[in-house]
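Undergrad: First the structure, then my questions, so here it is.
The values are calculated or read from the model by the stated rules, or taken from the named source; none is laboratory data. Predicted, not measured: the structure shown is a model, and the values here were computed from it. Reconstructed Cβ throughout: ideal geometry from the backbone, glycine too, with neighbour counts over all protein chains shown. All accessible areas refer to the heavy atoms of the entire protein, side chains included, with ligands and DNA or RNA removed. Shrake-Rupley method; radii C 1.70, N 1.55, O 1.52, S 1.80 Å.
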Amino acid sequence: MKPILLQGHERSITQIKYNREGDLLFSVAKDTVANVWYSVNGERLGTYNGHTGAVWCVDCDWDTKNVLTGSADNSCRLWDCETGKQLALLNTSSAVRTCGFDFSGNIIMFSTDKQMGYQCYLNFFDLRDPQQIDDNSPYLSVPCNESKITSAVWGPLGEFVIAGHENGEISQFSAKSGEVLKKVKEHTKQINDIQSSVDLTMVITASKDNSAKLFDSNTLENIKAFRTERPVNSAAISPIKDHVVMGGGQEAMDVTTTSTRIGKFEARFFHAAYEEEFGRVKGHFGPINCVAFHPDGKSYSSGGEDGYVRIHYFDPQYFDFELEA
């Protein structure tokens, strides 16, 4: 399992995302650049240039037409995937932390940070209405007073957004009315990452409280929990096996005080049903900030604090592996 090393960022990776077919991998980092790569060989296809601050989030719609990025330069930008042309610029009053297309690719959501006296907002735009873009006026803007949103994904059928908060809560926000449909608190500390399963029926949360948890998208019922000894920065669900991959490590600011041996920067594989760890993959020289499975389940990628993205293709043994209960 020799990884493909993608060198296209000068600073730590903040998010990586495959498109629906999995032939492209998008990566964003704290160095203002958004890159797109061919996932099969790690060749760089191009960059999306325009942001002037760290880029926190990236998403791609279902037919790989448009790319959405959110940045600390107080803007959310829409790009033409093929040409790299900027299609829309949505200015905000604080940094954009998380963004996403709904399944139709018509509605986008993004959340802004609570900073410099500004509130945390979850904003919804309909891309079919150019007026909303031109006036920079979302059709729905939901204030989050209690605790800021740190990560969010669309629920099934684009009816609501599932958001993770700084205080460990998870809530469902209706995309029609903006009301909070459900709210649960299963984590004790900040939620770093939320990712959906391939059929959108489940989400997995990664939290600073050293655990990742699997939830039902509709009911927010906690199905499984995966515990480690250190903060989990990101977790992803395999599309073909009952497997979960988790990436973590300690806080970036503590990295220099530990050796790479005990810093534990491996990606860790857990069985989704038995909650048992069955494998680890080394590689990054620093905490793993994000992980993602390829949509066909035959490879996965991780992006690290070291500024590299690694694509790992699984060995044949991985597919025959059965966990003895």
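Undergrad: Can you list the strands (runs of 3 or more DSSP E) lying wholly within the stretch 100-167 that have 3 or more residues being open to solvent by 20 Å² or more (accessible area, probe 1.4 Å)?
TA: 140-144
Undergrad: Still on this structure: Do you know which of the residues in the stretch 224-266 that are modelled with pLDDT under 90 and among the aliphatic types (A, V, I, L, M) is least open to solvent (accessible area, probe 1.4 Å)?
TA: VAL255
Conditions (1) over 21 Å from MET246 (Cα atoms); (2) not basic (Lys, Arg), marked per residue:
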residue	(1), (2)
LEU127	yes, yes
GLU166	no, yes
GLU169	no, yes
LEU181	yes, yes
LYS185	no, no
THR188	no, yes
THR201	no, yes
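Undergrad: Could you check the stretch 20-87 for strands (runs of 3 or more DSSP E) lying wholly inside it with 2 or more residues that are open to solvent by less than 60 Å² (accessible area, probe 1.4 Å) and without any contact (Cβ under 8 Å) to a residue 12 or more places away in the chain?
TA: On the way: elements: 24-29, 34-38, 44-48, 55-60, 66-71, 75-80.
Strands (runs of 3 or more DSSP E) meeting the threshold: none at all.
Residues are listed down the side, and each one gets a yes or a no for (1) assigned to a loop (DSSP other than H, G, I, E, B); (2) modelled with pLDDT under 90:
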| residue | (1), (2) |
| --- | --- |
| PHE270 | no, no |
| GLY283 | yes, yes |
| ASN289 | no, no |
| ASP296 | yes, no |
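Undergrad: Can you name every residue in the stretch 269-280 that is under 20 Å from the mean Cα position of the chain (by Cα) and closer than 30 Å to GLN7 by Cα?
TA: PHE269, PHE270
Undergrad: Which residue is surrounded by the fewest Cβ atoms within 10 Å (Cβ to Cβ), if the candidates are limited to the stretch 88-99 and must be closer than 25 Å to SER234 by Cβ and not small (Gly, Ala, Ser)?
TA: Checked the stretch 88-99; the qualifying residue surrounded by the fewest Cβ atoms within 10 Å (Cβ to Cβ) is THR92.
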